[in-house]
Amino acid sequence: MYKLVSFLFISFLLITTQTAHSQTGNDTILLLSGTEIIAAVYDTTFGNITYKNPKSDQDPIVIETSDVFSIRNSKGESIKYVYDSAGENDLTVEEMRYYIKGEQDAKKGFKPRGAFWTNVGIGALSGATGSFLCPIPPFIFTALSGITKVKIKHSTVSNMDYLKHDTYIMGYEHIARGKRKTKSLLGGGFGLVGGIGVGILLRSTGNFPIK
């Protein structure tokens, strides 16, 4: 009985300590996606992290610890990422840190304008034909835009030393390809709709160049 009470008391202290990790509202939760959340962390137990925006009256939000790299505050940084060479977390803590840096730089600096405007043109030309197959060319271009090599502009890199690390480049390319596909799809959609509209208008006036 005494051992049971002691165990429960110690468990309570541990939970209380973790729950009180920081309720200052000055915590920074760094997600594996590179997103940073400024909040007040209330609990970090049982595989979840509970936090609340100190400037909002909304209910606390719960996220899985497996989605979090670390929590930083005035006391330092608490790493939540767990390296597992046999699982999904096959990058070491330092490798993952550089990967996240790459994600963050790509989110801030990578601008896939070329993919957007190129697919606007492809979609417009394809849509103007009025063919039932006109959506295919812009969708093919969108798929290819997620495969082709990403050129990292030095102006988008927050620290040039990061380029020495392969995982930084991996993180940068991951976000860059995602942004390029999204913008390409958006551009293709705009071009397609515009091209179809122009094609219909030209046909109605008898000025369409292809009979």
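The values are calculated or read from the model by the stated rules, or taken from the named source; none is laboratory data. Treat the numbers as computed from the prediction; the structure is a model and nothing was measured. Cβ atoms come from the backbone with ideal geometry, glycine included; neighbour counts cover every protein chain shown.
Tabulated data for the structure shown
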read-out: Residue in the range 192-205 that is among the basic types (Lys, Arg) and farther than 25 Å from LEU32 by Cβ present; value: yes
read-out: Which listed residue is surrounded by fewer than 15 Cβ atoms within 10 Å (Cβ to Cβ), within 30 Å of GLY178 (Cα to Cα) and modelled with pLDDT of 80 or more, from SER70, SER85, SER74; value: SER85
read-out: Residue within the range 160-183 that is hydrophobic (A, V, I, L, M, F, W, C) and not in a helix (DSSP H, G or I) present; value: no
read-out: PHE116 being surrounded by 13 or more Cβ atoms within 10 Å (Cβ to Cβ) and either over 15 Å from SER184 (Cβ atoms) or not basic (Lys, Arg) (or both); value: yes
read-out: Filter result (β-branched (Val, Ile, Thr) and within 19 Å of ASP166 (Cα to Cα)) within the range 87-123; value: THR92, VAL93, ILE100
read-out: Number of positions in the range 157-180 that are without any contact (Cβ under 8 Å) to a residue 60 or more places away in the chain and crowded, with 17+ Cβ neighbours inside 10 Å; value: 2
read-out: All positions within the range 191-201 that are hydrophobic (A, V, I, L, M, F, W, C), under 26 Å from ILE147 (Cβ atoms) and buried (at least 18 other Cβ atoms within 10 Å of the Cβ); value: LEU192
read-out: Conditions (1) buried (at least 20 other Cβ atoms within 10 Å of the Cβ); (2) outside any strand (DSSP E or B); (3) outside the structural domain of ARG180 (by TED's automatic domain parsing); (4) aliphatic (A, V, I, L, M); number of the one not met by ALA106; value: (3)
read-out: Residue match in the range 193-205 (condition: within 23 Å of the chain's Cα centre (by Cα) and either of a type outside the set (A, V, I, L, M) or part of a loop (DSSP other than H, G, I, E, B) (or both)); value: no
read-out: Residue that is in contact with a Leu (Cβ under 9 Å, 6 or more places away or on another chain) and either modelled with pLDDT under 50 or not charged (D, E, K, R) (or both), where the choices are THR16, THR45, THR50, THR28; value: THR45
read-out: Residue satisfying condition, being of a type in the set (A, V, I, L, M), under 26 Å from LYS108 (Cβ atoms) and either part of a strand (DSSP E or B) or not assigned by TED's automatic domain parsing to the domain that holds GLU173 (or both), within set VAL62, VAL41; value: VAL41
read-out: Condition check for ILE63: touching a Phe, Trp or Tyr at 6+ places or on another chain (Cβ under 9 Å) and crowded, with 16+ Cβ neighbours inside 10 Å; value: no
read-out: Answer from GLY127, GLY123 - the residue that is under 27 Å from the mean Cα position of the chain (by Cα), in contact (Cβ under 8 Å) with a residue 12 or more places away in the chain and over 21 Å from HIS174 (Cα atoms); value: GLY123
